[in-house]
């Protein structure tokens, strides 16, 4: 579980903060600071949250991942420039783009071992992938 520093201060049971499954994100009293976290600052947060799913997700800020059903994954780039994303998925053999919005959006996928490299995901673009 991930909570902000401000919420952590307000917990009536401070012993909850000792739970190894709880992560406190330090953004002070300005949640908009989340939008300024670097990729390096986001990586440990994403690693911890994605670990139970067997996935590693490395991407710049303002790139989201959504898991849908048993074989659909959506990446969305909210940035104004193209981004590169890395997905490590041990039990997945293929990752195929099935839908891109807007239609003229671009994405290039390559695989090495169990690591998928998504290159040049267009700005302001959502891509739905099927994985097997």
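The values are calculated or read from the model by the stated rules, or taken from the named source; none is laboratory data. This one's a predicted model, so the numbers in the text were calculated from it and none came from an experiment. FYI the Cβ positions are ideal-geometry reconstructions off the backbone, even for glycines, and counts take in every protein chain you see.
List every residue pair whose Cβ atoms lie under 8 Å apart, where the two residues are 6 or more positions apart in sequence or sit on different chains, the first residue falls within the range 115-126 and is on the phi > 0 side of the Ramachandran plot and in contact (Cβ under 8 Å) with a residue 24 or more places away in the chain, and the second residue, located anywhere, is in a strand (DSSP E or B) and surrounded by fewer than 18 Cβ atoms within 10 Å (Cβ to Cβ).
Pairs that qualify, where the first residue is on the phi > 0 side of the Ramachandran plot and in contact (Cβ under 8 Å) with a residue 24 or more places away in the chain and the partner is in a strand (DSSP E or B) and surrounded by fewer than 18 Cβ atoms within 10 Å (Cβ to Cβ), are 120/84; 120/108.
When you check residue 120 against the structure, is it surrounded by fewer than 18 Cβ atoms within 10 Å (Cβ to Cβ) and under 24 Å from residue 35 (Cβ atoms), yes or no?
For residue 120, the condition - surrounded by fewer than 18 Cβ atoms within 10 Å (Cβ to Cβ) and under 24 Å from residue 35 (Cβ atoms) - is met.
Considering the range 106-116 alone, what residues qualify as being assigned to a loop (DSSP other than H, G, I, E, B) and within 17 Å of residue 65 (Cα to Cα)?
106, 107
Look at the range 8-24 and say how many of its residues are more than 20 Å from residue 44 (Cα to Cα) and out of contact with any helix residue (DSSP H, G or I) (no Cβ under 9 Å at 6 or more places or on another chain).
Residues that pass the stated criteria total 5.
Can you tell which of 70, 80 is out of contact with any strand residue (DSSP E or B) (no Cβ under 7 Å at 6 or more places or on another chain), at pLDDT below 95 and surrounded by fewer than 11 Cβ atoms within 10 Å (Cβ to Cβ)?
The conditions single out 70.
With the condition kept exactly as written, say whether any residue in the range 37-51 is at pLDDT 95 or above, surrounded by 10 or more Cβ atoms within 10 Å (Cβ to Cβ) and under 16 Å from residue 126 (Cβ atoms).
no
Among the candidates 92, 109, which residue alone is buried (at least 16 other Cβ atoms within 10 Å of the Cβ) and farther than 23 Å from residue 40 by Cα?
It is 92.
Can you list the strands (runs of 3 or more DSSP E) lying wholly within the range 14-98 that have 3 or more residues being farther than 20 Å from residue 118 by Cβ?
23-25
From the set of residues in the range 8-33 that are over 25 Å from residue 89 (Cβ atoms) and modelled with pLDDT under 90, which is surrounded by the fewest Cβ atoms within 10 Å (Cβ to Cβ)?
Here the residue is 32.
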